[in-house]
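The values are calculated or read from the model by the stated rules, or taken from the named source; none is laboratory data. The model shown is predicted, which means the values in this text are computed figures rather than measured ones. Positions of Cβ are generated from backbone atoms using ideal geometry, with glycine treated the same way; all protein chains shown enter the neighbour counts. Remember, those area values only see protein heavy atoms, side chains included, never the ligands or the DNA or RNA. Shrake-Rupley method; radii C 1.70, N 1.55, O 1.52, S 1.80 Å.
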Amino acid sequence: MHEVTGSWRAGTHRSQMTTLLALLGCVGLWFGLSLVRYDLFPLAGYFFWLFVGMLLLRFVPLLLLTGAILLAGLGTGLLTATTTAPSLISIGVLLLLSVALVLYFASRQRSGLPTPLSEALLADLRDRLTAQGQVPALPAGWSAQSAMVAAYGAGYAGDFMVADLDEGGEHLELVLVDVVGKGLTAAPSALLLAGALSGLIGAIHEDDLLLAANGVLLRLRAEETFATAVHVSVCLTDGSYTIRSAGHPPALRWSAGEREWSVDSSRGLALGIEARPDLESSRGTLGPGDALMFYTDGVVESRRSHLDDRIDWLGDVARSEMLQGLDGTASRIVSRVERGDDDRAVLIIARD
């Protein structure tokens, strides 16, 4: 059964023909049974097979199925004496209109796939995007956590993260990206950029990573397609780090000694605007108990408050959450952000 389902989800010609033949067999069986017991297998039952075909078939197989349903429905009405003429005409017109409506929507599917297959494809892309943002298991003494919420609860966001830990477990790279747009409008560009970054991170020098991502966005040649990003590389042996920002909100650093968050100084131009964006980096060292926090603009932007005031608010919220314990801090911070119309993401790297 799993192989059959997997074959159908692949959308191959063979799987579609198999599904079509199975549905044609069901329609034929319904036709035969309706001639024997119309009270149990009425003309209205063809609407069910039409609905199933709409869910499972692409346009051409669906066209064949609807033709068979119309012929079977007409034959049922003519060959059974239990259906009155007005009733036959009414059901026939409804069936014809339903077929026309189903075929119209099937022809408008830009993916060329029935709705469940399109949904399965989108879900697979979403899961792949989510998987790329999983931070690998870090060596003892280090931890990382993240929390992301898409705008409108859609499940598809323009915020994403990619991560890479070298084979020796000594060098960690993380990139948090916010593609312009909200939820579904930003998801296509986010998927393209996430795929490119996942192949680049760890494969090219860290100084060139954001420049390479900038080139990817410029090659998309789409209007108003740009992104903000922050790239952090951490040496897990001595705690030294480098932060490179491209138009992203400033990172925050937690000092275990002072029990306060301070604003990082790295700045830069957003990606996808100029061929050689000006990117400023900052460097530092995390001691025991220290942490770095990165976030997207959906966490701090507000129509009622200035950005600096919102960053101060985030520092206060994050301080109270850190004092409760590191575990779950990212999720708790995101949960305290007012629900708005933008994606929200928080990433924390801590030296235990």
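Structure notes:
- Three-way shape call for the range 197-352 based on the alpha-carbon gyration tensor, with the a/c threshold at 1.5: oblate
- Pairwise centroid distance, computed over Cα atoms, of the range 259-334 with the range 192-210, Å: 22 Å
- Highest mean first, the peptides 275-286, 44-55 sorted by other C-beta atoms within 10 Å per residue fall in the order 44-55, 275-286.
- Scaling the Cα radius of gyration of the range 163-280 by the globular reference 2.2 N^0.38 Å produces a ratio of 1.11.
- Multiplying each eigenvalue of the alpha-carbon gyration tensor of the range 247-292 by 5 and taking the square root yields semi-axes of 28, 9, 7 Å, largest first, rounded to whole angstroms.
- Kirkwood hydrodynamic radius of the range 281-352, Cα pairs, Å: 13.1 Å
- Largest to smallest in accessible area, the residues Met17, Met148, Met293 fall in the order Met148, Met17, Met293 (1.4 Å probe, all protein chains included).
- Evaluated at q = 0.14, 0.16, 0.18 Å⁻¹, the base-10 log of the normalised Debye intensity for the range 234-311, with identical point scatterers placed on the Cα atoms, takes the values -0.54, -0.69, -0.83.
- Cβ-placed point charges (K, R +1; D, E -1), dipole of the range 241-282 about Cα centre in debye, nearest 20: 80 debye
- Net dipole in debye of the range 210-342 [+1 Lys, Arg Cβ; -1 Asp, Glu Cβ; about Cα centre; nearest 20]: 240 debye
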